[in-house]
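Heads up, the thing below is written out as structure tokens.
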Amino acid sequence: MRIYLDLVTRSYLMSPPEHFVVEYAINPWMDTNAPVDTELAVKQWEGLRETLVRLGHTVHVLLPEIGLPDMVYAANGAFSVDGVVYGAKFKYPQRAAEAAAHRRFYETLGWRYHLASETNEGEGDFTYLPAAHGGLILAGHGFRTEVTAHAEAQEVLGRPVISLRLTDPRIYHLDVALQPLDDANIAYYPGAFSESAQKVLAQLFPDAVVATEEDALTFGLNLVSDGRNVVLNSEATGLAASLRSAGYVPVPVELSELKKGGGSVKCCVAELRG
Ligand code: ARG
């Protein structure tokens, strides 16, 4: 039996997809000709928000802005550790203005906010494991975040950053390839990473839940875990089974509309690490 030592109430930030459409394509999942049902997207997003609240977590809401259809992917706006915030600097101009909305949110919380000089997409490419090797940041590069941002994040946050190169364009952010399951362990799909990055992950996380290509492409790894409950896309039934055998409790949610923008559960949720 697993003992859930890491089970604490978490704080998250989400932004409703009231203005969600696919009007530009900046990743292979986005098709500007495929119709999007914005109303259904809002309903599914609300289901995710309610699930997190029902699990006992706090969800803050960032007001969506007209003209920023990808703002629903709130994970990309910043990355915080111990109340210190490393701001995002988006790769594509279509999303650039989202960073300022996130900045205002953190400033109202009174958290120390660092404006980034290097291109990085927040929690899309950064994650933190407080109990792994004394507190470790994992960071992706290859498609969005520049590797120079990894060094900048280490300077700002004072935690070691492990750089991992992503190699599959369908898996363009770290949070589609890898997520923490608790404070010390992860689930990941090795095929999304360079050979060297795979070696690094195998060395650091010998007990990881190793996922399949299907798990990744059904956005199963784009999950939010509180150390026990793992909220993940309902399409990812294979990964849900693996998580259950590893002692976690999968909590499936339907997010089909948001997959049309190239994201799922984790993309919609920024963790506020105070
Ligand atoms: N359409 C968005 C983009 O391409 C999706 C972002 C997904 N977010 C994430 N954290 N993976 O930027």
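The values are calculated or read from the model by the stated rules, or taken from the named source; none is laboratory data. Worth saying up front: this structure is predicted, and the values here are computed from it rather than measured. Counting neighbours? That spans all protein chains shown, and the Cβs are built from the backbone with ideal geometry, glycine included.
A few remarks follow.
- Filter result for Leu239 (touching a helix residue (DSSP H, G or I) at 6+ places or on another chain (Cβ under 8 Å), at pLDDT 95 or above and within 16 Å of the ligand (Cβ to nearest atom)): no
Conditions tested, residue by residue: (1) within 27 Å of Ala139 (Cα to Cα); (2) not hydroxyl-bearing (Ser, Thr, Tyr).
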| site | (1), (2) |
| --- | --- |
| Lys43 | no, yes |
| Glu46 | no, yes |
| Thr51 | no, no |
| Gly56 | no, yes |
| Leu62 | yes, yes |
| Asp70 | yes, yes |
| Ala74 | yes, yes |
| Val81 | yes, yes |
| Val84 | yes, yes |
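- Matching option when the condition is of a type in the set (Ser, Thr, Tyr), closer than 18 Å to Leu258 by Cβ and part of a loop (DSSP other than H, G, I, E, B), among Thr32, Thr9: Thr32
- Filter pass, Ala116 being farther than 30 Å from Ala240 by Cβ, over 17 Å from the mean Cα position of the chain (by Cα), buried (at least 19 other Cβ atoms within 10 Å of the Cβ) and not acidic (Asp, Glu): yes
- If you go through the range 227-247 and keep only what is touching a Phe, Trp or Tyr at 6+ places or on another chain (Cβ under 9 Å) and of a type outside the set (Gly, Ala, Ser), you end up with Arg228, Asn229, Val230, Leu232, Asn233, Glu235.
- If you go through the range 257-274 and keep only what is farther than 19 Å from Asp125 by Cβ and either touching a strand residue (DSSP E or B) at 6+ places or on another chain (Cβ under 6 Å) or more than 15 Å from the ligand (Cβ to nearest atom) (or both), you end up with just Gly274.
- Selected residue (criterion: farthest from Gly67 (Cα to Cα)) from residues of the range 96-129 that are without any contact (Cβ under 8 Å) to a residue 40 or more places away in the chain and among the charged types (D, E, K, R): Arg112
- Applying the criterion of at least 2 residues that are of a type in the set (A, V, I, L, M, F, W, C) and closer than 24 Å to Val59 by Cα to the strands (runs of 3 or more DSSP E) found wholly in the range 156-274 leaves 186-188, 229-233, 249-253.
- Candidate set: the range 63-120, residues that are in a loop (DSSP other than H, G, I, E, B) and hydroxyl-bearing (Ser, Thr, Tyr); chosen: the one nearest to Ser264 (Cα to Cα): Tyr73
- Residue in the range 200-217 that is farther than 19 Å from Gly77 by Cα and among the hydroxyl-bearing types (Ser, Thr, Tyr) present: yes
Okay, residues lined up against (1) more than 13 Å from the ligand (Cβ to nearest atom); (2) of a type in the set (D, E, K, R); (3) over 21 Å from Leu232 (Cα atoms):
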site	(1), (2), (3)
His57	yes, no, no
Leu62	yes, no, yes
Glu65	yes, yes, yes
Leu68	no, no, yes
Ala74	no, no, no
Ala96	no, no, yes
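- Pairs linking a residue in the range 20-45 that is closer than 22 Å to Val253 by Cα and without any contact (Cβ under 8 Å) to a residue 60 or more places away in the chain to a residue that is within 12 Å of the ligand (Cβ to nearest atom) and not hydrophobic (A, V, I, L, M, F, W, C), with Cβ atoms under 6 Å and 6 or more positions apart or on different chains, are Val21/Pro69; Val42/Pro17.
- If the condition is being in contact with a Leu (Cβ under 7 Å, 6 or more places away or on another chain), surrounded by fewer than 22 Cβ atoms within 10 Å (Cβ to Cβ) and hydrophobic (A, V, I, L, M, F, W, C), then the range 156-199 contributes Ile162, Ala184.
- Taken over the range 57-87, the criterion of being among the β-branched types (Val, Ile, Thr) and surrounded by 20 or more Cβ atoms within 10 Å (Cβ to Cβ) is satisfied by Val72, Val81, Val85.
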